[in-house]
């Protein structure tokens, strides 16, 4: 069975047209200014159902799979990776699959409509790839908990309608540092941080369109009913959806690379040197051929991973391979694209510099390239001692 069915092709083409007409013009204007994704663009994405691709139909979503999710993601990322990332704030954000039925009925329909989007607060200054090193504490207090500690890399903390927070509710037993972490779902007013939480945007070199925060929790109160799942099991909830998250990141990386390739082909045909377009020169032609080949290889690997996810097959190794290969590829391809543009590529007048900056991030978030290599090697060789 071919990966791209007629239905999927229609979804892909719709997303491509939307990106060209709606996303790219906004990105080209606002990214150089470090402006935020406008609300009217979010509303248009909501009308197309992009925030509910993975949400079941019974809750108002489209009820589609990881494959369709990644098809849309890749196309959006060709325009602006931040927009491709925004749809994850509604599509069953990590941890939401462990909600109670009451929580799902209350929140998922609003998430599917793009009316109720979230931010994920897990990373800390000393806990990035090592989730088990989280030190932010949630201390029992009457019918709830008081959360104190610092969080880092919380993108969309101000614009979100809710926060998903991971904090330590009990000390970990010896040799089991991942135990004792709990997950909380907290509603908040859009555009502000809740009382008991302060923060400031982190100065980034890319991923513009929204702000990424450092947060400080000072006896921030949550109720016991705000907890997702069982107390002490957040590590498992946070890691159980990583295959989809990594396929999503691979799709973002592939979209960035495709955007750089598209722009490079166009620029090579327009730019003239020595009385002919630079697309006539073998050096440029071979570079473009290599770029296209690397992109398609990454795309086909990610298609395979998406099919495995959607058919319920275990694919943690393959998802790590896809994320690793796509992100490393994207940085190379976007760098080559910038090289084809020459000095023009090193200005904000061309989107290729945006793709290049954002591609670098794909090697870091959702598990660094080094973490992916560790996962892959552990599956192939058994867990090492280091």
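Treating the angle as unsigned and between 0 and 90°, give the value, to the nearest 10°, between the Cα long axis of helix 242-270 and the longest Cα principal axis of the chain.
Around 20 degrees separate the two axes.
Quick one: Cα centre-to-centre distance for segment 108-137 and segment 16-77, in angstrom?
Using only Cα atoms, the two centres lie 20 Å from each other.
May I ask for the equivalent-ellipsoid semi-axes of segment 6-112, computed as the square root of five times each C-alpha gyration tensor eigenvalue and listed largest first in whole Å?
Sorted largest first and rounded, they come to 25, 16, 11 Å.
Between the alpha-carbon centers of segment 220-238 and segment 242-289, tell me the distance in whole angstrom.
44
What's the angle, to the nearest 10 degrees (0 to 90), between helix 66-79's Cα axis and the longest principal axis of the chain?
60
With the cut-off at 21 Å, report for segment 141-264 the share of all Cα pairs above it, as a whole percent.
52
Take 147, 371 and order them by how many other Cβ atoms sit within 10 Å, fewest up front.
On the way: 147 27, 371 17.
Placing the least packed residue first, the sequence is 371, 147.
Using just the alpha carbons, could you tell me how many Å³ per residue the convex hull of the chain encloses?
Spread over its residues, the Cα hull of the chain gives 146 Å³ apiece.
Choose one answer from 183, 39, 227: the residue with the largest mean-square fluctuation in a GNM of the chain with alpha-carbon springs under 10 Å.
Looking only at 183, 39, 227, the biggest GNM fluctuation is shown by 39.
With a 10 Å cut-off between alpha carbons and a GNM built on the chain, which of 362, 192, 249 moves the most?
Looking only at 362, 192, 249, the largest GNM fluctuation is found for 192.
Using DSSP, restrict attention to beta bridges with both residues in the chain and report what percent are antiparallel, rounded to the nearest 5.
85
Under a 10 Å cutoff between Cα atoms, tell me which one of 154, 315, 66 has the largest fluctuation in the Gaussian network model of the chain.
Most flexible of the set in this elastic network: 315.
On a 0 to 90 degree scale, rounded to 10, what angle separates helix 352-362 from the longest Cα axis of the chain?
Roughly 40 degrees between the two axes.
Where the centroid of each part is defined by its Cα atoms, how far is segment 155-199 from segment 337-373 in Å?
One Cα centre to the other: 30 Å.
Over 21 Å, how big is the tail of the calculated P(r) for segment 238-381, in percent of all Cα pairs?
45
Can you compute the helix-only [θ] at 222 nm over the chain? Use -39500 (n - 2.57) per DSSP H run of at least 4 residues, normalise by all residues, nearest 500 deg cm²/dmol.
It lands at -15000 deg cm²/dmol.
Here, each number is a calculation from the coordinates, and none is a lab measurement. These figures come from a predicted structure and were not determined experimentally. Cβ sites come from the backbone with ideal geometry, for glycine too, and all protein chains shown count toward neighbours.
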